[in-house]
Each structure stands twice: as C-alpha cells, then as structure tokens.
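Okay, structure first, notes after.
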Amino acid sequence: MNALLRFLRKLLLITCMTLSVVGVGILYYMVFQLPSVDELKTIQLQVPLQIFTHDNKLLAEYGEVRRIPLPYDQIPKQLIDAVLATEDQRYFQHPGIDIPGLMRAAIKLAATGRKDEGGSTITMQVARSFYLNPHKTFGRKLREILIALKIEHKLSKQKILELYLNKIFLGARAYGVEAAAEIYYGKSLNQLSLDQYAMLAGLPQAPSALNPLTHPAAALKRRNHVLSRMYELHYISEKAYKAAIDTPLNARYHDLQIQVKAPYVGELIRQQLQQLYGDKVFTDNYKIYTTIDSQLQNAANQSVREGLIAYDQRHGYRGPEQNFGMPSLKHMEEWEKTLSKLPTVNGLEPAAVVDMSEHTVTVLRASGAIVMIPWQGLSWARKQINPDLLGHLPKVANEIVELGDVIRLMDTKQGWRLSQIPAAEAGLIALNPVNGGILALVGGFDFQHSGFNRITSANRQPGSSLKPFVYSAALDKGYTLATVINDAPIVVENPTDNSLWRPQNDEHRFYGPTRLRDALTLSRNLVSIRLLNLISLPYAIHYMQRFGFTAEQLPAGLSLALGTAVVTPLQMATAYAVFANSGFKVVPYAIDTIRNREGEVIYQAKPLAACLTNCTAQNINSYAPRVISAQNAYLITSTLHDVIQRGTAKLARSLQRKDLAGKTGTTQNQVDAWFAGYNSDVIAVAWVGYDQQQRSLHEWGNQAALPLWIQFMQAALEGRPEHPIEQPSGIVSVRIDPLTGKRAGSHDPTGTFEYFMTPFTPEEEKNPVAQDNSTTTTPGNNAEGGGGSVY
C-alpha cells in the first residue's frame, strides 16, 4: 500500500510538473504571439467621408459606418457614469481584469453550462473589438485577458474609455456614442438628458435586441435598469432618478443631419474622390470643402422645384398614380402601410382620397393623419387630354379625383395642395465667372427619384442661346453691331440628297434689313444664318472652340446658327462665363479644399482666374487664358443686356437691375428650353426639358426656363449692389442711322448711339444702301465686314 501511495504521489508530482511546463509554454507562446498594442495610442477609427459647402455646412456624407469620434474631455460625465454603472463599476480600480467578475462568470458556467456571462471589463472589450473575433472560446478569453493587461500597461484609463465609447456598435449603423446621439435623438451628445444617456449606456449589452426603434419595451426596461444602477452607486440623486424613470422613451430615427440639400453635387464629388483615392476615402475621415454657396444652393433648389411644378401644373393634371378602391375603416391601416412604402419626392408626399365634398377633398397621409385639400388647392387641375390639349376648368371636386385615388400632396403657405410628380425635368448651374467655382448645382427635380445629373451629363441642343457665340465670331472678324443683314427668306440646298431647307423666324415673319444688335436681341433666325454663312462655317466652328465647345459637338451646317450643337448645361455656363469676365476661359471646379483626419490640407484648388486688374506680361501666365478681347465681350454683353430690356427675356426686367445680360434658347419643336444670364458676379444657366429627347415642352425658353433663372437670381443677388461689366478702352460710342448702320449726321433726328471697337467705327453715309434680296445661299462665303456694311 505504501509503495502504491509513493507511486501515486510521484505520478501526481510528475503530472503537475508536466502540466505546469505545458501551461507555462502555452502561456509564453500566447504572450509571444500577442499583437502589439502601441498602435492604440494613435489608432485611426473608421470615419465616413464628409462634404461641406464653402461656408462650412454639411451637404453629404458617404460611408457604411456613422461615427463622430470625441476626445475624452468632450464626453459628458453622466454618460460615463451610466456606462460604468452597468458595464464595469470597478473600472478605475482594477488592472484591466476584474477577478470577482471572472469568478462569477466561471461559477455560472459551471452551474448552467452556458457562457452567458464573460466577466469582461471595458478594457477586455476594447481588446476584443480591436484584436479578436466574437466567438466565445476559452482560448479567446485567455488572449482577451492577456491583451487587456498589455493595454492597461500602455494606455491611460481615460484613453481606453475614449476608445471604447468611440468604437462600440450601438445599433442603426451608429458606431460610437456621438453618432448614436444623433441617430436616436437628433442632437449632439452634450445636449442629451439623463434618461437619454441611460438609454445609450444600456445598448452595448445587445445593440439589436435593445434597440429603442425596433424593441422599445426592451430598451425601456434596460434604460431603467441603468438608472437604478446609477442611483444605487450614488451617481444620481433620488429626485433625478425618479424624474428620469418617469420620462417616456422618446427615441426615434433621425437621418443624417444634412444642412444643405445638394445631392447631385455630393455624388459628383464622391465619384471624383473615389477615382483619386479609392474606397479608403469612405473610411479615412476625409473632409471636403467645396465652392458651393449654401444660400445660392438653397435658392437653386427652390427655383428648380417651384419652377418645374409650376410648368407641370400649367399643362394639366394627369390623374392618380393608382386607386386603392372604396375606402373603409378596416382598410385604413393597410392603406397607411402601402402609402409608407411610396417615396416622398422632393416634398410631394403620397396620400389617398378617403372623402370629398363639392369643393374639398379629404386624404389619408402615410403617417395616418387625415387632412383636407381646399378648393384653392384643387381648382388648377384641368384634365390633361394630351400634351397640348387640356379639358375645361373643373367646377367640383369629383371632376378631378375619385375615392381611393393615390395622389401627391404638397404643403404650401396657403394650405394643402393637390400636386403630381413632374414629368419634365429641369436643372440649374451657377458659376463664379472670375474663377469657375461652382456656386450652386441642381441636376434634376429629385435625386432619389432620378440620380442622372442633367447639368454635367445631359447632351442637349441649346437653340438660340448658342447665337451669341456666332455673333462674337463675327465681331472678331470685323462685323459690328451696326452691320445690317437682310432678314428675308432663305433656302439652303443639301448636296447629299438635293433636299431644300427653308428656315424661318419663330414668328413666321420676315423683317427686312436688320442690324446685328437687333437681330441678336430679338433672336432673328434668318439673320443669324446669313451671318454664319458670311463669316464661313469652318471659321465659326474653329472660333467657338475658344469657349470650350469641341468640333464634334458643332454641326458642320448652317443650322449651327440656330443652336443645333449638342452641349451640356455646364458647358453653356462655362462658355457664358467668358462674356461675364471680359474674355477669359475659366475651368469649372467644385472641390476647393481636402483635409485629412488630422485636419491637414492635402489639396488646395488653385484655379486660373480671370485677370481683371494689373494684367502685365510678367504675371499673365498665372491667370486664365484670354480667348476673346475685352471689347468683344463688352459688345456681346451690351447686346444681351438688350435681350432683357427689350428682347425675348423682358420678363427678367422684374428683377429691376441694370447689370444683367442673357439669352433665351428654344430648340425645334420646343423640345428644350434654356436661359443663360449673368452679371459680373454670377453666371447661371437654367434648362427645362423631358428626358425623352423628342418630347415637346409646348413652351418657349422665356416661358419654361426664364422663370427658374429669375427666381434664382432674385435670391442670389438680393442685397448685392449692381455690378455691370465695365466698358474697356478701345470702345467708342457713335451716333448711327438705325436703318443703315452708317454714321448719322449731327442733325439727324432719327440717329441712335451704338458701340464700336475703334478699328471698325463706321464712316458717314454718302450713297443709298443696296438691299440684299438673295434667297438662296450655300456655305463658304468669307466676305469681310465693317461698320455699317449691308448684306
């Protein structure tokens, strides 16, 4: 027996020694294999890309993770107390592991066989979230403990807690406590109340199961538990505890707090940055500051929305989107759910007709609210029989809608209004003409409805808004604004198929001899075609490339004078900026500054700007290239000023400014409507049309596009002094005969003043003027013009 006992003792000793050696070896191996925690001192958490306006307002954010890191000293003490009360009450006393907590977890494991409690401290949770996977194994728990001890050795308690509160997932895409505060309460963390801190502090245990948006009862119970623990540990008074307990759970989802609506700008910049930096741009906390002016962007948003809705309603009501059938109480809940799945499009929300009287309609909103549309919000809705034919004005509500109709509802200052999603589209672009900075950009009625950016990507015909560039080419060749060209019928032969082209003025009239100023002001098609023929088509195409158009965009035919090129609104704005800045070609840009997560500027735009003063030979290369003379730009601007004062854009006189110039544009069959206008501070281009490029608007540019431009410019220029383009040297004013364009005699009562470039001032008329009565022409005439010539 003694021998057996000695053998067993030896066996036990050997076994213990072996296990000790193996244990020490395993422990040494695990310690040797542990990752370095030094990087936690400078760890870079994933933070989404943020894009701001020039005046520092958020316009877009991109990234799957919503996180706003805060330093420890900016995290409210009540939130820290709430977290420690439930997650790790001995946090500031233990060395990274809590022995009583681990023992409690071990006892429960032995008793139940389940790993419900891990005894993890906040430091251990930091170790797990940064270095380990979430699978519960004994090996992972041991590594968690060892890494936690290393972390405590390297980092302060405050730094560890800062990492934890910025790293943890709190549901609804929120990572970190600041992002969670914004998502659940729409506030910054330092604006929350005690009950709200408690709700956030309860989430780390189970972010999905305790989410107040999806499981409010569980979230309320957990919040109250956190408050109880805070009271037990004397973090809060009894009075504060009772007040917080009695507060209802007021969490709800708050989308990203975008301060300025500019989704087309955000998407444009997102694409550019992803090409430059790859996918890391969405996680590395880049901050982009753009050239967008928030005030002008808001004005552009409003003008496009209201202008397009007004155009759409002028062409009648197309009817409901669908019909739910006859309403009844048992169907209301089902209708609400169906309505909630339909998107609200730029403020036009879906609603269903549940009742009506002779002159009112009662509708159900997706929120469950019942509202009434008065007759004032219904009476516009003449039935659209076809695109250019409307029915009679309605007299009663049932001529407009039926019970169960799904309609669109618009909230106005005058009350609720029947509406519909516009079938047409629109866009507006505004540039700083001095340096090309994009001040505002709206690429369509609603980005969620259609993300296609019509400003940068829609290739459309500009119609008569292209004419100023043809006239600029003529001025550069020696023609003047006093040059007279016969506005008479013209026939152009097409040599390829022997067909004949007989262009007409919009009014289907002919006006005879017309000075170029009047021809451009009143948009005379036949004069423009003759002028293009006189200066020659190849010369005009080559010249117009100075403004940024390409040869491929400009058709090699006389129809070019009527605007049959194919361009984008952004190109038109860039081209008109040449007139607005006295002759310089600037490049449009939207990104002004890029900062990294440390706040360092890693990119600063340095646009080549127009040289407006001190333009010497020494500094000329640091400015945008001059593409036309200042004299040429001034003469075109002077004429486009007349377009507003007495031409096709007289509606813009409502702005009561003398520093504006611009040109309307309407394409064949009224498919596209344009207005491009400017002063020395801002150039804006408005476009309206259907995405289907053969569908007619049944309106001219001054009816469809000009109102958008006027509304935008009224807001953009409010409070700004007039800033007309200054008259450059080399321009003289001469009294001329308005019929012939020749210099008028000093005693001629019919004389009028005209501007000329000094080399082309007209001579005094000596002989009667011969009329050009030709009716057929072909391209290629390269005749030189001069002041007062007649063609």
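The values are calculated or read from the model by the stated rules, or taken from the named source; none is laboratory data. Everything quoted here is computed from the prediction, not taken from an experiment. Positions of Cβ are backbone-derived with ideal geometry, glycine not excepted, and every protein chain shown enters the neighbour counts. Surface accessibility is based on the protein's heavy atoms, side chains included, excluding ligands, DNA and RNA. Shrake-Rupley method; radii C 1.70, N 1.55, O 1.52, S 1.80 Å.
Residue-level check: of (1) touching a Lys or Arg at 6+ places or on another chain (Cβ under 9 Å); (2) modelled with pLDDT of 95 or more, residue 364 misses just (1). Number of residues in the stretch 416-446 that are out of contact with any Asp or Glu (no Cβ under 7 Å at 6 or more places or on another chain) and surrounded by fewer than 20 Cβ atoms within 10 Å (Cβ to Cβ) equals 1.
Can you find, within the stretch 257-284, the residue that is surrounded by the most Cβ atoms within 10 Å (Cβ to Cβ) among those that are of a type outside the set (Gly, Ala, Ser) and outside any helix (DSSP H, G or I)?
Selected residue: 260.
Of the residues making up the stretch 623-640, those that are of a type in the set (Ser, Thr, Tyr), open to solvent by 10 Å² or more (accessible area, probe 1.4 Å) and more than 31 Å from the chain's Cα centre (by Cα) are 629, 634, 638. Pairing residues of the stretch 386-414 that are open to solvent by 40 Å² or more (accessible area, probe 1.4 Å) with residues that are among the β-branched types (Val, Ile, Thr), at Cβ distances under 6 Å and at least 6 apart in sequence or on separate chains, gives 403/353. Any residue that is within 18 Å of residue 144 (Cα to Cα), surrounded by 20 or more Cβ atoms within 10 Å (Cβ to Cβ), of a type in the set (D, E, K, R) and modelled with pLDDT under 90 - is there at least one of those in the stretch 100-115? Looking through the stretch 100-115, none of the residues is within 18 Å of residue 144 (Cα to Cα), surrounded by 20 or more Cβ atoms within 10 Å (Cβ to Cβ), of a type in the set (D, E, K, R) and modelled with pLDDT under 90.
Being in contact with a Gly (Cβ under 9 Å, 6 or more places away or on another chain) and at pLDDT 95 or above, is that true of even one residue in the stretch 268-282? Taking every residue of the stretch 268-282 in turn, at least one turns out to be in contact with a Gly (Cβ under 9 Å, 6 or more places away or on another chain) and at pLDDT 95 or above. Scanning the stretch 232-256 for residues that are closer than 30 Å to residue 300 by Cβ and out of contact with any strand residue (DSSP E or B) (no Cβ under 7 Å at 6 or more places or on another chain), which turns out surrounded by the most Cβ atoms within 10 Å (Cβ to Cβ)? So the residue we want is 254. From 306, 267, 333, which residue is among the acidic types (Asp, Glu) and over 20 Å from residue 454 (Cα atoms)? Being among the acidic types (Asp, Glu) and over 20 Å from residue 454 (Cα atoms) holds for just one of 306, 267, 333, which is 333.
For the stretch 71-91, state whether one or more residues are modelled with pLDDT under 85 and either touching a strand residue (DSSP E or B) at 6+ places or on another chain (Cβ under 7 Å) or surrounded by 11 or more Cβ atoms within 10 Å (Cβ to Cβ) (or both). The answer is no; no qualifying residue exists.
Residues that are open to solvent by less than 10 Å² (accessible area, probe 1.4 Å) and touching a Phe, Trp or Tyr at 6+ places or on another chain (Cβ under 9 Å) were ranked within the stretch 496-532; the one that is nearest to residue 753 (Cα to Cα) is 516. Against the condition β-branched (Val, Ile, Thr) and under 30 Å from residue 387 (Cα atoms), how does residue 731 come out, does it pass? Considered against the rule, which asks whether it is β-branched (Val, Ile, Thr) and under 30 Å from residue 387 (Cα atoms), residue 731 comes out as no.
Scanning the stretch 176-215 for residues that are farther than 19 Å from residue 120 by Cβ, open to solvent by 50 Å² or more (accessible area, probe 1.4 Å) and not in a helix (DSSP H, G or I) returns 187, 213, 214, 215. Just give me the residues in the stretch 164-209 being under 18 Å from residue 226 (Cβ atoms) and free of Cβ contacts under 8 Å to residues at least 40 places away in the same chain, in sequence order. The answer is 169, 170, 180, 181, 203, 206, 207, 208, 209. Of all the criteria given as (1) open to solvent by less than 20 Å² (accessible area, probe 1.4 Å); (2) aliphatic (A, V, I, L, M); (3) modelled with pLDDT of 90 or more, the one not satisfied by residue 744 is (3). In the condition set (1) outside any loop (DSSP other than H, G, I, E, B); (2) open to solvent by 40 Å² or more (accessible area, probe 1.4 Å); (3) under 25 Å from residue 399 (Cα atoms), residue 320 is compliant with all but (1). You will find that of 401, 406, 353, the residue that is closer than 21 Å to residue 446 by Cβ and either in contact with an Asp or Glu (Cβ under 7 Å, 6 or more places away or on another chain) or in a loop (DSSP other than H, G, I, E, B) (or both) is 406 and no other. Number of residues in the stretch 671-681 that are in contact with a helix residue (DSSP H, G or I) (Cβ under 8 Å, 6 or more places away or on another chain) and surrounded by fewer than 24 Cβ atoms within 10 Å (Cβ to Cβ) equals 1. In this structure, residue 599 does not satisfy being of a type outside the set (S, T, N, Q) and either assigned to a helix (DSSP H, G or I) or modelled with pLDDT of 95 or more (or both). For the stretch 485-495, the candidate set comprises residues that are buried (at least 16 other Cβ atoms within 10 Å of the Cβ) and of a type outside the set (Val, Ile, Thr); within that set, the residue that is nearest to residue 664 (Cα to Cα) is 487. In the set (1) assigned to a loop (DSSP other than H, G, I, E, B); (2) closer than 27 Å to residue 69 by Cα, residue 593 fails one condition alone, (1).
Every residue, every condition in (1) surrounded by fewer than 17 Cβ atoms within 10 Å (Cβ to Cβ); (2) at pLDDT 90 or above; (3) aromatic (Phe, Trp, Tyr), yes or no:
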| position | (1), (2), (3) |
| --- | --- |
| 123 | no, no, no |
| 133 | yes, no, no |
| 154 | yes, no, no |
| 157 | yes, yes, no |
| 162 | no, yes, no |
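Each residue in the stretch 544-563 was checked for being surrounded by fewer than 24 Cβ atoms within 10 Å (Cβ to Cβ) and assigned to a loop (DSSP other than H, G, I, E, B), and 7 pass. Of the residues 587, 601, 566, the single one that is under 26 Å from residue 691 (Cα atoms), hydrophobic (A, V, I, L, M, F, W, C) and open to solvent by 10 Å² or more (accessible area, probe 1.4 Å) is 566.
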